[in-house]
Amino acid sequence: MRRIAHISDLHFGRVDCATLPALTAAIIAAKPDVVAISGDLTQRARAREFAQARRFLDTLPTPQIAVPGNHDVPLYNVLKRWRSPLKNYRRYIDDDLQPFFADEEIAVLGINSARSLTFKNGRINAGQVQKACERLAERDGRTKFLVMHHPFDVVDPRQDRDIVGRANMAMTAFAQCGVDVILTGHLHLSRISSSAMRYRAPGYAALFIQAGTATSVRQRGELNAWNLIHVEPGAVDVDCYTWDAKKNRFTVLKTDHFTRGAQGWSALQAAGSASPP
């Protein structure tokens, strides 16, 4: 079995400081094989915010697969936004925008969906997709994960604009190279869905696992949350941890179970995933 701790939308610059030591303690206790951080490590992409994020990441286990989010691109400094949008991210977090980890059971690849041209929305291009599939194609037999910031699915049709740009192109390719699970953030909501609900590919259904905001005060109707993913061949369990301010710790809210069959991934039992109130 492998374990992946999935955290997102830390937003240093607007964090609830009480959550930080509790999150570190919970993740260390979980003993993950990989920590996946799906973007928005900062609030305004300032150097001091990235330095704070770096100090926090240094308290967590390694290896870590991190990707930037739209908040990790400068918003108000137009010159930096166009000339060097990820300079601070590369300096403090990771110079590799397609980080990769693999062992005998899992393969985890990060893809950058943050862009200078938009203030909030994200995009994935054909070159990124091709490189991702080339890297994952040789990992047959392993459960294949992608880590991105912007989601491939939303609950409310009015939020379709939040879906990553060129999602249809990407999902066609990901079906061919057998991507199993895509980990995302951005919406500050915990949710799990099947790719088959939005993207039609015969005999293929991946899991979209979305994490809430782990530490930010910028909540959207949901408590701070993160996911612990348990991976076995052909099976994935997801523990959703939420913040309990009275106990000053993260506790498991629910666990969802999924299996891989002839048509791809599906819920072993009703997945009761959290959605906006």
Fill in the blank from the handout: Counting only residues that are at negative phi and either of a type in the set (A, V, I, L, M, F, W, C) or touching a Cys at 6+ places or on another chain (Cβ under 6 Å) (or both), segment 39-75 contains a total of 13
Practice task
Mind checking which strands (runs of 3 or more DSSP E) fall wholly inside segment 175-277 and carry at least 2 residues that are among the aromatic types (Phe, Trp, Tyr)?
Solution key: 235-244, 249-261
Practice task
Identify all residues within segment 143-166 that are charged (D, E, K, R) and either crowded, with 24+ Cβ neighbours inside 10 Å or at pLDDT 95 or above (or both); write none if there are none.
Solution key: LYS144, ASP153, ARG166
Handout entry: Subset of segment 207-257 (residues that are farther than 23 Å from THR42 by Cα, touching a Leu at 6+ places or on another chain (Cβ under 7 Å) and buried (at least 23 other Cβ atoms within 10 Å of the Cβ))
Key = VAL236
Problem - Flag if PRO61 is under 25 Å from VAL181 (Cβ atoms) and either in contact with a Phe, Trp or Tyr (Cβ under 6 Å, 6 or more places away or on another chain) or at pLDDT 95 or above (or both) - result: yes
Handout entry: Filter result for ILE111 (closer than 24 Å to MET169 by Cα, of a type in the set (Val, Ile, Thr), in contact with a Gly (Cβ under 8 Å, 6 or more places away or on another chain) and modelled with pLDDT of 95 or more)
Key = no
Fill in the blank from the handout: Within segment 124-141, residues outside any helix (DSSP H, G or I) and at pLDDT 95 or above come out as ILE124, ASN125
Exercise for the section: Looking only at segment 142-171, count how many residues are in contact (Cβ under 8 Å) with a residue 12 or more places away in the chain and over 12 Å from ILE124 (Cβ atoms). Expected result: 12
Exercise for the section: Can you confirm whether segment 167-184 contains a residue that is buried (at least 16 other Cβ atoms within 10 Å of the Cβ) and among the polar types (S, T, N, Q)? Expected result: yes
Exercise for the section: Quick one: TYR92 ticks every box in (1) touching a helix residue (DSSP H, G or I) at 6+ places or on another chain (Cβ under 7 Å); (2) within 16 Å of ALA211 (Cβ to Cβ) except a single one, so which number is it? Expected result: (2)
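The values are calculated or read from the model by the stated rules, or taken from the named source; none is laboratory data. Source: prediction; values computed, not measured. Note that we place each Cβ from the backbone using ideal geometry, even for glycine, and neighbour counts take in every protein chain shown.
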